[in-house]
Structures are given as structure tokens and as C-alpha cells.
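Trainee: Can you read through this structure? Questions will come right after.
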């Protein structure tokens, strides 16, 4: 176990998250960090990891509770840290911060999930449109001199320009972790590959984390991680009812790729490709668009 020196971390702060909240966090060598840009499969990977760690399906709570987001400034940090401290099992912790803004510990495992940025953008539109707390977050951000979250008014084109220029940290997150891709405690997983072969990718994650699953339990372990299963929560058991219109079904929306093709113009696609070329090396750009098949 150890304490984090936040002075060594590059500061990242938005209306939603603040990486200074790592200050009182004490890591354990068995910790697993889920590292993603927003809307790239974060909750999916959290669900996968909890299903692997509890192959009988007896996870001791809901995903967002068992696997918290330390940086989320709309949740009491003392509460989150106390909950993590009380966990005697292997812990799973979520982050949307680039690699230079989070603790980097050789013994800790990092699972990075990526997705085509244009698909992440389409999912972000839905996310912001359904977010109930956006006014509250923006009011607090204004008091603290932090840039507010841009609301989505249905105009994909103006929103895409903002997303591409400043309304996301997609390129920073992917680029910062890609620079560390040779580290033995880091695994890259792509959204496309999860959709194409969920079971195969879950076995790859389990192998990376040295999690042993009896063969007889694999079918159930995988089934709990399908989109249908993740969206099955209803009523009072739905952890997202307070935060998002439509609850978990609004938060885990379509899970589909390629919707941007019917929305973005040729010029917008060209602008996206230019931004990718400016911020990511060629192999990272190929991986973001195509997944593991691009690296073969």
C-alpha cells in the first residue's frame, strides 16, 4: 500500500472531474485501473472485470459503487475512499484522466479501452443530452472558474467542432497511454473487438490479470457482460435514475458503431482525421479506428 504524491501528477480539471482527488488515495498492488476517454466502453469494462472477479455473479453491489470514479467531483471523496478502504477484495477503479495525471505504479494493472473517436462523439451527444446534473455541475464550475460542460442542442455539426477542439480529452488519453504501451502492466482493449468477440477478449483480459475462471463458469461470466444484460436493471435498483434520463438504458444507450456516417460531413471527417494525425502516431491511429486487427 502507498500514498500518492499529487504534486507529481499533471493537473486535469473539468466541470465533472478533478484529479487532485487522488491525494488521499492509498493504492494496493492488486488494484486494477480502468482507463478510458469518456464513452469508449468504461462501464462495459468495469462490468467485465467484476464478472471475472466474481464468476458466480455475486458481486457485492452495483458496478458504480464497487468500482468507483475517484475523480468525479460530484461525489464526496471521503465516501469513495472509505468505501475503497473497506474493500478486502481486488479493487477496480475508474479514470478518464490521461496517464500523466493518474498514479503510475509498477505493481498496479491498467486496462485501457479505446474506440473510434467518431463513435465516442455520437455517444457523448446522447450522454450530455440525458445528463440531469449538467446545470448543477456548470453552476459549480462557474464559481470555481472552470470551463462548463457544453450542452447538446441537437446541432451535431457545431457540437462536433467543439468536441474536436476542446470539449473532450479523447486524444490526450489515448496518446498518453499509447506512449506507455510497452509497459507489462498495461493492456489495450478495443470496443470493436469486444463487440466482435466478447468471450475471446474477456479471456484475454483474464489472462492479463491472472484471473482463473473454471471452464464451466465461462458462459455465465460472459453473458453478464452483454449489452442486454447490462441494460436489464429496473426501477429502484437502477443506479442511474437520479443522474440520467432513462436511467441505465439511457446511459448504456445503443452501443453501436458507425452512426456518425449518417451525421458527419466529409469536411468534418477530414477534420477528425487531421486531428488524429496531429495527436496520435500512425499505429495508434490505426488501432483507434480498427482495433487489434490493425496491429497484425
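The values are calculated or read from the model by the stated rules, or taken from the named source; none is laboratory data. As the structure is a prediction and not an experimental result, all values here were calculated from the model. Virtual Cβ from ideal backbone geometry, glycine too; neighbours counted across all protein chains shown.
Trainee: Would you check if there is a residue in segment 146-153 being assigned to a loop (DSSP other than H, G, I, E, B), under 30 Å from residue 280 (Cα atoms) and touching a strand residue (DSSP E or B) at 6+ places or on another chain (Cβ under 7 Å)?
Mentor: yes
Trainee: Now, a different point. Do you know which residues across segment 168-220 are within 20 Å of residue 277 (Cα to Cα) and without any contact (Cβ under 8 Å) to a residue 24 or more places away in the chain?
Mentor: 181
Trainee: Something else about it: Name every residue in segment 4-42 that is without any contact (Cβ under 8 Å) to a residue 24 or more places away in the chain and not in a loop (DSSP other than H, G, I, E, B), in order of residue number.
Mentor: 6, 7, 8, 20
Trainee: Here is a list: 47, 36, 97. Which entry is touching a strand residue (DSSP E or B) at 6+ places or on another chain (Cβ under 9 Å), buried (at least 20 other Cβ atoms within 10 Å of the Cβ) and within 20 Å of residue 227 (Cβ to Cβ)?
Mentor: After applying the criteria, what remains is 36.
Trainee: So, one more: For segment 223-291, which helices (runs of 4 or more DSSP H) that fit wholly inside it have 3 or more residues that are surrounded by 14 or more Cβ atoms within 10 Å (Cβ to Cβ) and modelled with pLDDT of 55 or more?
Mentor: Filter on segment 223-291 gives 266-279, 282-290.
Trainee: A further question follows. Restricting to segment 132-160, and then to whatever is touching a residue at least 40 places away in the same chain (Cβ under 8 Å) and in contact with a helix residue (DSSP H, G or I) (Cβ under 9 Å, 6 or more places away or on another chain), can you tell me which residue is farthest from residue 39 (Cα to Cα)?
Mentor: 146
Trainee: Condition (residue is under 16 Å from the mean Cα position of the chain (by Cα), assigned to a loop (DSSP other than H, G, I, E, B) and modelled with pLDDT of 95 or more) applied to segment 43-62: is it met by at least one residue?
Mentor: No, the conditions are met nowhere in segment 43-62.
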